[in-house]
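Heads up, the thing below is written out as structure tokens.
Taken together, the values in this text are just the output of simple stated rules run on the coordinates, not laboratory data. What you are looking at is a predicted structure, and each value in this text was computed from that prediction instead of being measured. Glycine gets a Cβ as well: all are built from the backbone with ideal geometry, and neighbour counts include every protein chain shown.
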Amino acid sequence: MPGPPNMSGMMKQLQKFQEKMAQVQEQLEGKTIVAEAGGGAVKVTANGKQRVVRIQIEKDVVNSQDVEMLEDLILAATNKALEDSGRMAQDELAKVTNGMLPNIPGLNLPGF
């Protein structure tokens, strides 16, 4: 029994949506965000898949007498990088889903 007359068009639209989502997920892996702490003493780079891909630490903040401060700087920069990369992923996702999905607060699709 055939579905409603519009069912074929909806299925094609869903397939295009899935293809676009796969492209966005692939592209997000190559996009990065750099977050800093301590005035740039610690820099953390995260990609759009919310993975830390690089940590840079200025030599002058490496002090064996104050390891706790360095740990705090790394933690702060890492959290900011992950937060910013999550926001970037949501922005990219919104470009694909614009008009296709309702705006549901807290909706997190797999992979984002």
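Selection among A37, Q50, T97 by position relative to the dipole of the stretch 23-97 gives T97 as farthest towards the positive end (Cβ unit charges, Cα centre). The phi torsions of the stretch 86-93, fed into the Karplus equation with coefficients 6.51, -1.76 and 1.60 and a -60° offset, translate into couplings of x, 5, 4, 4, 5, 5, 5, 5 Hz, rounded to whole numbers, with Gly and Pro shown as x.
For K31, the lysines whose Cα falls under 28 Å of its own Cα, not counting residues fewer than eight places away in the same chain, are K16, K20, K43, K49, K59, K80, K95. Among the trypsin sites (Lys or Arg not before Pro) within the stretch 26-90, those in coil by DSSP and having at most 15 neighbouring Cβ atoms inside 10 Å are K31, R51. Going from the fewest other Cβ atoms within 10 Å to the most, the residues S85, S64, S8 appear in the order S64, S8, S85.
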